[in-house]
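Visitor: Quick one: the structure is below, and I'll ask about it shortly.
None of the figures in this text is laboratory data; all of them are computed from the coordinates on show. Predicted model only: the values in this text are computed from it and were never measured. Cβ: placed from backbone, ideal geometry, glycine included. Neighbour counts: every protein chain shown.
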């Protein structure tokens, strides 16, 4: 399973989003810190979920980072978040 698939699966399970995009932006960062051959190091997540309705922006980000802790520790160098309720 790719990291993109893992991220999609975990976010879907944790937040039941009405909209979810997991975009691998690794090629935009070729030659920069954290880039690895094969990509899957830099992602952008666009997600909308009712779960976030009563959460601040920081709380939303912390919740996503907690769910994806293993991926961040293993390979993901950067994670851009565009998340809303």
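Visitor: Can you list residue pairs whose Cβ atoms sit under 6 Å apart, with the first residue in region 1-12 being farther than 15 Å from residue 69 by Cβ and the second being buried (at least 18 other Cβ atoms within 10 Å of the Cβ)? Count only pairs 6 or more apart in sequence or on different chains.
Guide: Listed by first residue and then by second, the contacts come to 4/22; 8/22.
Visitor: Give region 8-26 a look and list any residue that's more than 22 Å from residue 53 (Cβ to Cβ) and in contact with a strand residue (DSSP E or B) (Cβ under 7 Å, 6 or more places away or on another chain), or say none. Reasoning before the result, please.
Guide: To start, the set of residues in region 8-26 that are more than 22 Å from residue 53 (Cβ to Cβ) comprises 9, 23-26.
Passing the criteria: 23, 24, 25, 26.
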